1. So, in nm, how far is label residue 14 from label residue 140 when the simple model puts each one 7 Å beyond its Cα toward the Cβ?
2. At 0.36 nm per residue, minus the direct Cα-Cα distance, what do residue 26 and residue 48 gain on full extension? Give it in nm, one decimal, please.
3. Under the rule a/c < 1.5 gives rounded, and otherwise a/b versus b/c splits prolate from oblate, where does region 96-146 land using the Cα gyration tensor?
4. If packing is taken as the average number of other Cβ atoms within 10 Å across a peptide's residues, how do 81-94, 62-75 rank, most packed first?
């Protein structure tokens, strides 16, 4: 019975959000599922290919918008039962923040005797990790792109 009340509380919180935030959560969900499917079908280099069409001038977004996107990616990723990998989350955030030149995707690796080889993706903005921070784990960066 207690979990039902918690679930109802979550629905009330969701409905109390502004239309803009509800739309953002919807876009994040669609982007996460799209990238998850694409990562199954295509290699990583597919996502890093520069566009051949000339892009419009990049517009700087406010930090509030950047942190709202990060909030939405965290929220949707944590509520979906199957979950989304760090790479899927990083690609989604980068796509949603495509007009922000200071947002970078980083991919790193780590090898330990206990856990073996592992990789991780995260987002950096103004030299600070804003999505995908892994406390107490050091990943050696091997790739980064804007």
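Every number here is computed from the coordinates shown, using simple stated rules; none is lab data. No experiment lies behind these values; they were computed from the predicted model shown. Neighbour counts run over all protein chains shown; Cβ positions are idealised from the backbone, glycine included.
1. Calculated label separation equals 4.3 nm.
2. 5.5 nm
3. It is prolate, given that a/c is not under 1.5 and a/b is the larger ratio.
4. Packing proxy ranking, top to bottom: 81-94, 62-75.
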